[in-house]
Amino acid sequence: MREFTLELSLTCDGPLAVAGPSGAGKSTLLRLLAGLDTPTHGRIEVDGERWFGGGVDLPAERRRVGFVFQEYALFPHLDVRANVGFGAEGRPVDDLLERLGIARLARQRPGRLSGGERQRVALARALARRPKLLLLDEPLSALDPATRGTVGAELASILRESGLPALVVSHSFDDAAVIAPQMAVIERGRITQEGSVDELLASPATPFVAQFAGTNHLTGNAVGRLVSLDQGGEVLLAEPHSGPVAVLIAPWEVTLDKGAPPPTGSALNHIRGRVQRLGPFGSRVRVVLDGGLTAEITKDSAERMGLATGDEVVASFKATGTRVVSRAPN
Amino acid sequence: MALVAMVVLGTPIAHLIALRRFPGRDALLTAFELPLVLPPAVAGIGLLMAFGRRGLLGDELDALGLQIPYTKLAVVMAMAFVASPLFIRQAVAAFDALDRDLLAAARTLGAGPARTFWRVAVPLARGGLGAGAALAWARALGEFGATIIFAGSLSGVTRTAPIEIYLGISENLDAGLATAAVLIAVSAVILFSVKLLVRRRASRSVLL
């Protein structure tokens, strides 16, 4: 068992995304809260009620959580109604089935449902327990990319309507951003930034958050409109600045050229690099260069350029495409 | 009756062995598997040493007015002792193959360990449990060595089919052959059913 120190006191009255890389401790956090794993020490309190610590260790079945598992963990031998009714303690569940649009599936076994339907059944089952807290572990990762967007939006509105505090764990910034307006980023068992999705995009607190959110994050020293980058090279800004700064560039502001940059363009910043990896990102292609710079270009452009891993390219962006934040000197 | 005893006692034990990690788990599993590799006659002697009049528990049983060897109870015990590893091995494999998230889900939905066991673990493992029970039953049916030593061969009391056959071939060959034919048929039907059952459930449990 790995060791985590996790100090967090979250006040959430709605959905909060807990996002971070694999192995950061996100799922562990949910399992600890639900009582499925036991922390070596610490304290868990939910809604003023002590669940763990000081000699208290409430067993999982007595903690009022609604847990939605990554693969949904629906009982394959029970139909939808029985699945939802499992934790309902005898309360009728028809209203809930109706509300989540799964009433017509009541007699079906989970094996015959689509990914989106399974997720709604899993949510209904969790809600039927009348939880004080909803815990969702990677709720979109079991779905194919085509349905992720719509199911995510559905999930977001169900969570909002439930009015329950919900922790939604995700290793994908984009999934998390669809589901919850507020996000906490967890790195190696520690929350490194908490805020709205916009805040995270605009001013990432750590290089990881920047990379995770997909914002480019170049550090350097500014003198006037010129920033000498720590990694070498220079960036021209739109407004003057001074001292240690982080230059943030949205990936869609970055254009790519193979070979030498065209001298006639309006972009004044050019950074040379090699394609480290590239992959589809919605209808776009995300290209990561070896300097850490990420560009988002259309599929068409990527195909036209015949872009492949290892290609030498020049990344260009306009001075107006940059945002600058001051940072403490290294 | 031996089957009922095996299933009722064996299922929770297998569940425990499959899903918990505790010190001595391997030793426990070995103890339950031991009868599988013992010669049945040795198993019979073992039972006699434990429960016989001059056995380990002989005095205690005597005090209670119980005498086990050479009774129907002895037949049941001998059968259960020799055949139970088949059931337990199969049941452990069936429980081990369960998706742990399903058991965790039941817990988060307010089901304590007992309800999780009855409503989730047992129904999901029933294919493997059924296959194990059928195999164990087939083995119990053919049990000879431990039975004849621990229970003897009292006509109408402890004379099982295999013992009938053994005595039959020395006295009346035809009757012996007839009983043998019935046993072969019953065993074949059981084994075949197990195969069908396992295939239908696509169970991951091991068939010995």
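General remarks:
- DSSP-assigned coil residues among GluC sites (Glu not before Pro) in the range A:102-161, each with at most 10 further Cβ atoms within 10 Å: none
- Projected-area average for chain B over all orientations - Cα convex hull basis, square nanometres: 13.7 nm²
- Sorted by Cβ density within 10 Å, fewest first, the residues A:Ser203, B:Ser84, B:Ser170: B:Ser170, A:Ser203, B:Ser84
- Value of Rg to Rh for the range A:65-166 (Rh from inverse mean 1/r over Cα pairs, i.e. Kirkwood): 0.92
- If only the Cβ of Lys and Arg carry +1 and only the Cβ of Asp and Glu carry -1, the dipole of the protein assembly as shown around its Cα centre is close to 960 debye.
- Of the trypsin sites (Lys or Arg not before Pro) found in the range A:170-269, those in coil by DSSP whose Cβ has at most 16 other Cβ atoms within 10 Å are A:Arg188.
- Low-density loop positions, trypsin sites (Lys or Arg not before Pro), the range B:32-96 - DSSP coil, at most 11 other Cβ in 10 Å: B:Arg54
- Principal semi-axes of the equivalent ellipsoid, √(5λ) from the alpha carbon gyration tensor of chain A, are 43, 24, 15 Å from largest down.
- Sequence of B:Val7, A:Val68 once ranked by neighbouring C-beta atoms within 10 Å, starting from the fewest: B:Val7, A:Val68
- Antiparallel DSSP beta bridges within the protein assembly as shown, percent to nearest 5: 75 percent
- Summed over qualifying helices (DSSP H, 4 residues or more, each -39500 (n - 2.57)) and divided by its residue number, chain B shows a 222 nm mean residue ellipticity of -23500 deg cm²/dmol.
- Each of A:His171, A:His241 was scored by other Cβ atoms within 10 Å of its Cβ. Arranged with the fewest first, they read A:His171, A:His241.
- With a 10 Å cut-off around each Cβ of A:85-96, the average count of Cβ atoms from other chains is 2.
- Reported to the nearest whole Å, the Cα centre-to-centre distance from the range B:107-150 to the range A:119-140 is 33.
- Think of the protein assembly as shown as a dipole: +1 on every Lys or Arg Cβ, -1 on every Asp or Glu Cβ, centred on the Cα centre; then among B:Ile163, B:Leu191, B:Gly130, B:Ile163 lies furthest on the positive end.
- Compactness of the range A:134-209, expressed as Rg and Dmax over alpha-carbon positions, Å: 12.6, 35
- Prolate/oblate/rounded label for the range B:31-152 (Cα gyration tensor, a/c 1.5): prolate
- Taking N as its residue count, the alpha carbon Rg of the range A:15-210 over 2.2 N^0.38 Å: 1.03
- With the highest mean first, a sort of the peptides A:175-182, B:58-65 on other beta-carbon atoms found within 10 angstrom per residue produces A:175-182, B:58-65.
- For the segment A:72-83, counting C-beta atoms of other chains within 10 Å of every residue's C-beta and taking the mean gives 3.
- Ranked by the mean number of other Cβ atoms within 10 Å of their residues, highest first, the peptides A:43-55, A:99-111 fall in the order A:99-111, A:43-55.
- Calculated diffusion of the range A:9-72, Stokes-Einstein form, Kirkwood radius summed over Cα pairs, 10 °C and 1.306 mPa s, µm²/s: 123 µm²/s
Coordinate-derived values only; no laboratory data. Please read these numbers as outputs of a predicted model, since none were measured by experiment. Cβ coordinates were reconstructed from backbone atoms using ideal geometry, including for glycine residues, and neighbour counts include every protein chain displayed.
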